[in-house]
Amino acid sequence: MMLSRAKPAVTGEALQIDKKKKKGKKIPKLEEYLTNRDYSGALTLLEFKRHVGEKEDDIDLWMGYCAFHLGDYRRAMEEYEALTKSEDIHPDVWVNLACTFFYLGMYKEAEEAATKAPKSRLQNRLLFHLAHKFSDEKRLMNYHQNLQDITEDQLSLASIHYMRSHYQEAIDIYKRILLDNREFMALNVYVALCYYKLDYYDVSQEVLAVYLQHYPDSTIALNLKACNHFRLYNGKAAEAELKNLMDIGSPVFDFAKELIKHNLVVFRGGEGALQVLPPLIDVIPEARLNLVIYYLRQDDVQEAYNLIKDLEPTTPQEYILKGVVNAALGQEQGSREHLKIAQQYFQLVGGSASECDTIPGRQCMASCFFLLKQFEDVLIYLNSVKSYFYNDDLFNFNYAQAKAAVGNFKEAEEVFQLIQNEKLKNDYIYLSWLARCYIMNKKPRLAWELYLKMETSGESFSLLQLLANDCYKMGQFYYAAKAFDVLERLDPNPEYWEGKRGACVGIFQMILAGREPKETMREVLHLLRNTGNPQVEYIIRTLKKWAKDNRVAI
């Protein structure tokens, strides 16, 4: 830091000129700030006027208005609450206070304040939205009937359609209003949001571009653009768009900073989820859902269930996630009740008119039939969407299982081998199904190698049983004998000796038929000698006699 100067930075003459320039400048009027959507400037001006004691009509009302439009609903609430205590209350105060309560999620307080306000179009629209929040269909329809064919009422109706997942109906209203009011540029953002929800991400981008040409620093529009990039490309592309937003330093960035923080966690694949998402639960609706997804990815199924068990689903995404969590918990705990609940949720979404032809809707029906073990039906639905999931490991994991379950082992093996995720490839379900596919496709050696790569555990013992029984069933007696031999040494169960005895006799029959090399006899005898059963001596004598008669070295 420079603490002294030899030369003045500003000469006395320049200082005089600067003073004259400042003297000639006019203080902007409130109307100018409001026209330019500069609510920070407007609020600063109003605070200054209040501070110097300048008396102006409705100064407190305008302060509440500016704070509200800046997204500072708590400040707006305080301004309006102070106004309710004055003797001469402005007619708009109660309805404006109700709006701030609504945006703060204080719906009961919003309803109480709204009922104290004189009847107006805004009051009806607010009560219409509150009825939706309270899931009061009767009152919702009453307020719906009071709506008129005016822009504000139609926009309110469109927003209710949007929140009830009736996206096409919302688009129709927005487009109708846009036809008569081309200057209502923000409606392009609403239309783009609807297309985003309908999974038409490219269309959403096109519509959004119209708005961004006029308002390139819009936080909401740039955030939606980032979300489209996330769906169309990847998290990195989406994060780059949000970086542009932060670099611009939009004046309303603070309004959406929680939303941006939330979305960055999603774009980064869950990084920082435990720090960012818990405080945002019940602030941003998706925060709870994304935290549940994070717990599922960490295999913390119980924590995911605890977070979602009390959620009453209203959107397809909530129904799907409740289904996934119940399915995961049901499989983890062996609970038929949870599996049944999951199946019902999947059926509700997949069978609904709005979702039956969407990709998630078809995946839900596939999941429903998967839990019901109706794999032919599973494949009907998965085949209809497989082109969208060629490189998706989770999709291929389920698709291959369904293929194998209906006996199409050749294709099942090919799909299993497309999977790259190491966690899935080490999962017992993957290993057991792939081993079965190898055996059914006459590649028992590859199945045996899968077992050899496993560490000794309950799962490796189960895979050994599968190998032994499936190889025996398919007439692959050499590997059946090897598997039964290991099983017998691990657990002296008479059934394993009987299996090994039958497999060894099977190998002998194949040698006699010329379908197995005679040299295999040496290993058969070695396997038989591992057994302490008295029957083994008779079998060894018989095999040795045949080997001697046929000049086979043993």
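From the largest down, the stretch 341-463 spans 50, 27, 24 angstrom on the principal axes of its Cα atoms. For the stretch 71-189, the alpha carbon convex hull comes to 122 Å³ per residue, rounded to a whole number. For the stretch 39-103, taking Cα atoms only, Rg and Dmax work out to 11.2, 33 Å respectively. The residues of the stretch 459-554 present an accessible area of 55 Å² per residue when probed at 1.4 Å with all protein chains retained. Descending by average beta-carbon neighbour count within 10 Å, the peptides 422-431, 256-265 line up as 256-265, 422-431, the highest first. Residues whose amide H lies under 5 Å from that of Leu147, counting only those 5 or more places away or on a different chain, are absent; hydrogens are built 1.01 Å from N in the peptide plane. Take 396-405, 169-178 and order them by the average number of nearby Cβ atoms within 10 Å per residue, most first; the result is 396-405, 169-178. Checked against a 29 Å cut-off, the cross-linked pairs Lys322/Lys386; Lys386/Lys443; Lys29/Lys133 give Cα-Cα distances beyond that limit for Lys29/Lys133.
Backbone geometry of the stretch 165-176 corresponds, through the Karplus equation with coefficients 6.51, -1.76 and 1.60 at θ = phi - 60°, to 3J(HN,Hα) couplings of 6, 9, 5, 5, 5, 5, 4, 4, 5, 4, 5, 5 Hz, x marking Gly and Pro.
The residues of the stretch 266-348 present an accessible area of 55 Å² per residue when probed at 1.4 Å with all protein chains retained. Size descriptors for the stretch 441-509, from the alpha-carbon set: Rg then Dmax equal 11.2, 34 Å.
Derived from the Cα gyration tensor, the three semi-axes of the equivalent ellipsoid of the stretch 415-466 are 16, 15, 9 Å, largest first. When you count the other C-beta atoms within 10 angstrom of each residue and take the mean per peptide, 302-314, 106-118, 539-551 line up highest first as 106-118, 302-314, 539-551. Using every pair of distinct Cα positions in the stretch 424-554, the Kirkwood expression returns a hydrodynamic radius of 15.2 angstrom. Send over the Kirkwood Rh of the stretch 150-275, from the inverse of the averaged 1/r over different Cα pairs, rounded to one decimal Å. Evaluated on the stretch 150-275, it is 15.2 Å.
Mind running the shape call on the stretch 270-320? Use the C-alpha gyration tensor, a ≥ b ≥ c as the square roots of the eigenvalues: rounded below 1.5 for a/c, prolate if a/b tops b/c, oblate otherwise. Taking the square roots of the gyration eigenvalues as a ≥ b ≥ c, the stretch 270-320 is oblate. Both radii come from the Cα set of the stretch 480-544: Rg as radius of gyration, Rh as Kirkwood radius; their ratio Rg/Rh reads 0.95. Here the chain exposes an accessible surface that is 51 percent carbon and sulfur, computed with a 1.4 Å probe and the other protein chains kept in place.
Based on protein heavy atoms only, the stretch 124-243 ends up with 52 Å² per residue of surface accessible to a 1.4 Å probe.
Based on the Kirkwood approach, the hydrodynamic radius assigned to the chain is 29.9 Å, with every pair of different Cα atoms included.
The coefficient of translational diffusion for the stretch 256-389, derived via Stokes-Einstein from the alpha carbon Kirkwood radius under 4 °C and 1.567 mPa s, stands at 83 µm²/s.
Could you tell me the center-to-center distance, by alpha carbons, between the stretch 36-105 and the stretch 464-542 in angstrom? So the two Cα centres are separated by 88 Å.
Phi angles of the stretch 420-430 translate, via the Karplus equation with coefficients 6.51, -1.76, 1.60 and θ = phi - 60°, into HN-Hα couplings of 10, 5, 5, 4, 5, 5, 9, 6, 4, 4, 4 Hz per residue; Gly and Pro are given as x.
Out of every Cα-Cα pair that the stretch 344-394 contains, those further apart than 18 angstrom amount to 25 percent.
The values are calculated or read from the model by the stated rules, or taken from the named source; none is laboratory data. These numbers come from a predicted model, not from an experiment. We place every Cβ from the backbone using ideal geometry, glycine too, and count neighbours over all the protein chains shown. All accessible areas refer to the heavy atoms of the entire protein, side chains included, with ligands and DNA or RNA removed. Shrake-Rupley method; radii C 1.70, N 1.55, O 1.52, S 1.80 Å.
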